[in-house]
1. Please find, within the stretch 27-50, the residue that is farthest from Glu14 (Cα to Cα) out of those that are in contact (Cβ under 8 Å) with a residue 12 or more places away in the chain and charged (D, E, K, R).
2. Could you list all residues from the stretch 23-48 that are in a strand (DSSP E or B) and closer than 17 Å to Ala64 by Cα?
3. Taking the stretch 7-50, which residues are more than 15 Å from the chain's Cα centre (by Cα), buried (at least 17 other Cβ atoms within 10 Å of the Cβ) and of a type in the set (A, V, I, L, M)?
4. Can you pull out every residue in the stretch 55-80 that is assigned to a helix (DSSP H, G or I), out of contact with any Ser or Thr (no Cβ under 8 Å at 6 or more places or on another chain) and more than 12 Å from Ala11 (Cβ to Cβ)?
Amino acid sequence: MMTVQAELEAAKVEGSSGGGAVRATVTGKMRLDSITIDPEVISEDVELLEDLVTAAINEALDKAQEMASSKMGAVTGGLNIPGIT
């Protein structure tokens, strides 16, 4: 179990939006690692940029959750143990 938790902490997944104009990277422990924004999308349309950032982060978090569930499911044999992702 500790090995899987260490793997999740080290693992990173990326979500993107706007055709890759905004990319967010999160760890398997659901921590935001980085955000990359293409300078071309930085304009006066702040609401669009905010939406792109939000979408990229949410996609990355969804991917991290799926990865964590898959790895932990392999360790727990598919049992749904509360408090374990």
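What follows is calculated from the coordinates using simple rules that are stated; it is not laboratory data. Because the structure is predicted, anything quoted here is derived from the model rather than measured. Every residue, glycine as well, gets a Cβ built from its backbone with ideal geometry; the counts of neighbours run over all protein chains shown.
1. Checking each candidate, the answer is Glu40.
2. Pass one, the stretch 23-48, residues in a strand (DSSP E or B): 23-27, 32-37.
If the condition is that a residue be in a strand (DSSP E or B) and closer than 17 Å to Ala64 by Cα, then Arg23, Ala24, Thr25, Val26, Thr27, Leu32, Asp33, Ser34, Ile35 are the ones that fit.
3. At the first step, the residues of the stretch 7-50 found to be more than 15 Å from the chain's Cα centre (by Cα) are 18-19, 21, 37-50.
Narrowing the set further to residues that are buried (at least 17 other Cβ atoms within 10 Å of the Cβ) leaves 18, 21, 49.
Correct list: Ala21, Leu49.
4. Within the stretch 55-80, the subset assigned to a helix (DSSP H, G or I) is 55-76.
Imposing the further condition that a residue be out of contact with any Ser or Thr (no Cβ under 8 Å at 6 or more places or on another chain) reduces the set to 57-58, 61-63, 66-67, 70-71, 73-76.
Ile57, Asn58, Leu61, Asp62, Gly73, Ala74, Val75, Thr76, listed by residue number.
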